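Worksheet: the structure to be examined is printed underneath.
The values are calculated or read from the model by the stated rules, or taken from the named source; none is laboratory data. These numbers come from a predicted model, not from an experiment. All Cβ positions, glycine included, derive from the backbone under ideal geometry; neighbour counts span all protein chains shown. Please note that ligands, DNA and RNA were not included when accessible areas were found on the heavy atoms of the full protein model with its side chains. Shrake-Rupley method; radii C 1.70, N 1.55, O 1.52, S 1.80 Å.
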Amino acid sequence: MTTEPENNRAHHVWAIAEVVREIMKQNASDPETLAHCACASRALSDPALEVLWESQHGLERVLGLLPSSFRKLPTGQEDFPGNSHQSFVLCDAIKGREWARMLRYARLVRCFLSSRERVDGLATVALYEKLSGQPLFPSLKQLTWRSSAEGSAMLPLLFSPMLSHVSLDLLNDEERFDHQVTATPVAVDYAYGTALAALYSRAPNVKNIGLCTSGFHCSVDRITKFHRLNSLKLGPIRDPVPALELCGSLPHLTHLTLEIAKRTAADPPFPQMPESSLVPLKQLVLSGPPGAVVQFLEAVKAPSLYLLDVKFEVAADTWKHCLKIIPARFGASLRRITVGVEDGIHDEEAYIFHDWFSPLYAMRDLRRVHIDSLFDTSFKIVAQDLEDIASAWPKLRSLSLPHSIEDDVSSAFPITALQPLASKCPHLRNLVLPLPHHAPLKGPTAPPVSAQQTCLEEICIPSGQWPENMREGCLAYLKSLFPRAETVLLDEEFGDMGDGW
């Protein structure tokens, strides 16, 4: 009897299923390699196919397994000249062999993202009958559906009992803008309610729901049935009151993302919001018109809030009021805060950083502070601000300060003003800041460094450039303060690209 030569045998590691599966996962971004592995041997086939089919974007590959019966053909309608709509249609009876093969692969799908594909209504009926009420992807856990309500007849086929995360956008491009300004419910608002009812009947244990909706009662009221829901994303909503009432009725809601729609001058003011206790809430992401955002914060009681992300357009008095409310209402529990100041394109002078953000210094336990100025909103940051930040937030792990392409480099804080962060924030790991001024390094000797901080891993400077003759000296000084940090100068790194846009 002959035996296989030792050097021709596969290594024993390939017999360990967990190891093989992990190797396949590491190649998830290389479908060609996974396909080769699936054909190579039995040991590799199943793990490779699991990774290949785990996440699907659109129905092309799935319905492509039924070539005798399904085809994708033009509908005769166009979004604009030359861009014709296409739809999957049933052109012949579904063959048993092809159906069995398709079901085998469909069982492997865990995550599905629609690509606004259309399936002919009668073809959808055929799929319903063939599946006998069972979901197309029985192991599906995450579903992101983006298609108009009229093109969503197939949606319930994707409601697997295993679902934990569902995001629905039933708006078509033509109605998207109008939907934000319509004061009364329209057909698509009721379609959201219908979709939620179907979802609950098939997957009542969903934990994360996202809806692109105006938030009328007919759209969102059925969310209250999902008693295990812990994450909710809504917007852009017309009226925050129903959303606030809804959130107060969800006993396990820990994460809330809410976008409040902008209103026209003809719209009535936002109604007064009743105070609502959201005891389990830990993370709140909030954006919208300034007055509505502040009203919402004043109405919410969230004693466990850990992370707050607030974003609205420049309105100096409203922002200052908002930044006083935050420590008063959430200071005891808050550890992470992100502030996004939007649309400052008409501002003539930079705002004073201390005038806006000094109320936040009362929250001594903050670990992450990100202050973003979007578009051309500018803030004047001086050396004392860095001293105040370092003294107020010694437990910081991540800090991002506002920066703008319009910042006046000549009025920037000096590079030596970073010393308090090195001496007083020993846990800081990530730092984003505007370009510090190089003037203190112009002398024959570098200023002394009183303390080094060895935890900082990355310094990011998104805008501005030092003079060529000062660049190396500035980088060397940063290295002396933060010896482990990698410095990323984005404006220099991508400056050549920007000229071409």
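Some notes on this structure:
- Restricting the trypsin sites (Lys or Arg not before Pro) of segment 216-260 to loop positions (DSSP other than H, G, I, E, B) with no more than 13 neighbouring Cβ atoms within 10 Å leaves Arg228.
- Here segment 299-426 exposes an accessible surface that is 49 percent carbon and sulfur, computed with a 1.4 Å probe and the other protein chains kept in place.
- Accessible surface of segment 158-298 [probe 1.4 Å, protein heavy atoms]: carbon and sulfur percent: 56
- Stretching the chain fully between Lys72 and Ala328 yields a gain of 86.4 nm (0.36 nm per residue, less the alpha carbon separation).
- Residues in segment 181-202 reached by a label modelled at Ala266 [backbone nitrogen below 20 Å; 7 Å Cα→Cβ]: 181-187
- Computed extension length for Ala446-Ser463: 3.7 nm, one decimal, from 0.36 nm per residue of separation with the Cα-Cα distance subtracted.
- Working from label points 7 Å from Cα in the Cα-to-Cβ sense, the His427 to Arg107 distance is 4.8 nm.
- Model label sites at Gln384 and His165, defined 7 Å from Cα along the beta-carbon direction, differ in position by 4.6 nm.
- Rounded to 5, the percent of DSSP beta bridges in segment 251-333 classed as antiparallel: 0
- Reachable lysines from Lys95, criterion Cα separation under 16 angstrom, eight or more residues apart if same chain: Lys130
- For a straight C-alpha distance cut-off of 29 angstrom, the lysines reachable from Lys324 (same-chain residues fewer than eight places away being disregarded) are Lys233, Lys262, Lys282, Lys301, Lys311, Lys380, Lys395, Lys424.
- Size estimate for segment 218-346 follows the Kirkwood approach: the inverse of mean 1/r over distinct Cα pairs works out to 15.0 Å.
- With 0.36 nm allotted per residue and the present C-alpha distance subtracted, the Ser480-His354 stretch has 42.6 nm of extension available.
- FRET E, pair Arg364, Ala316, Förster distance 35 Å, beta-carbon r, rounded to 0.05: 0.85
- Loop-located chymotrypsin sites (Phe, Trp or Tyr not before Pro) in segment 187-273, at most 16 other Cβ atoms within 10 Å (DSSP): none
- Applying the criteria of a DSSP loop state and at most 16 other Cβ atoms within 10 Å to the GluC sites (Glu not before Pro) of segment 172-265 yields Glu174, Glu175.
- Rounded, prolate or oblate (a/c below 1.5 giving rounded, otherwise prolate when a/b exceeds b/c) for segment 172-248 by Cα gyration tensor: prolate
- Taking label positions 7 Å along the Cα-Cβ direction at both Asp173 and Ala93, the computed distance is 4.0 nm, reported to one decimal.
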